[in-house]
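The values are calculated or read from the model by the stated rules, or taken from the named source; none is laboratory data. Since this is a predicted model, take the numbers as computed values, not measurements. When we count neighbours, we look across all protein chains shown, and the Cβ atoms used for this are built from the backbone with ideal geometry, even at glycine. Accessible surface is based on the protein model in full, side chains and every heavy atom, while ligands, DNA and RNA are left aside. Shrake-Rupley method; radii C 1.70, N 1.55, O 1.52, S 1.80 Å.
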Amino acid sequence: FRIVAVGDSIKTWLNGVPAADLTDSMTHTGFIALQVHAASEKEPMQVRWRNIRVRDLGTNPKSAASLPASRPAGPVVLLGDRGDLSEWVQDGRSDNQIGWQFKDGLLEVVPGTGNLITKRKFRDFRLYLEFNVNHDPAVAPETDGNSGVYLQRRYEIQILNSHGREPKVGECGAI
């Protein structure tokens, strides 16, 4: 998953394939959040995150289309192999405790704990992350793993289990 925010543009790619392209001049700076719908359910939703990296593109960013799909060089590591969550806070909590758990190299949602947000705000950036959504045959495809990456208090980049399905509007990678 690659996300590039430059000026009034946000673009996403899923496995190297363009997924969404949005232009909006209202919000240029804000936090990045990991969002999971139905996080209050008793059974954990099987959504896992790893290798979350962000690179500030500075005051003269390259065109978003020219940036490679691989991990960015020289990034701020928001979540690495050891599970350091020092760049994150739990949304809506003042005690600095994070309710999600890091095990076996993956960050997992703990039901009822809400979303994680970055401590820093970002403007022009390139975000790289890996996620995994386990298929649940008991739910409709449009809600299978319904989660997202939330940008600048305004946009959600949709995460769904889209394995084996043709890309379409509102699917994984949509804004």
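Of all residues in the range 156-175, those satisfying the criterion of being assigned to a strand (DSSP E or B) and surrounded by 19 or more Cβ atoms within 10 Å (Cβ to Cβ) are ILE157, GLN158, ILE159. I'm trying to understand the selection: among the residues of the range 88-109, which are open to solvent by 40 Å² or more (accessible area, probe 1.4 Å), part of a loop (DSSP other than H, G, I, E, B) and either free of Cβ contacts under 8 Å to residues at least 40 places away in the same chain or more than 16 Å from TYR150 (Cα to Cα) (or both)? Residues satisfying the conditions are GLY92, ARG93, SER94, ASP95, ASN96, GLN97, ILE98, ASP104.
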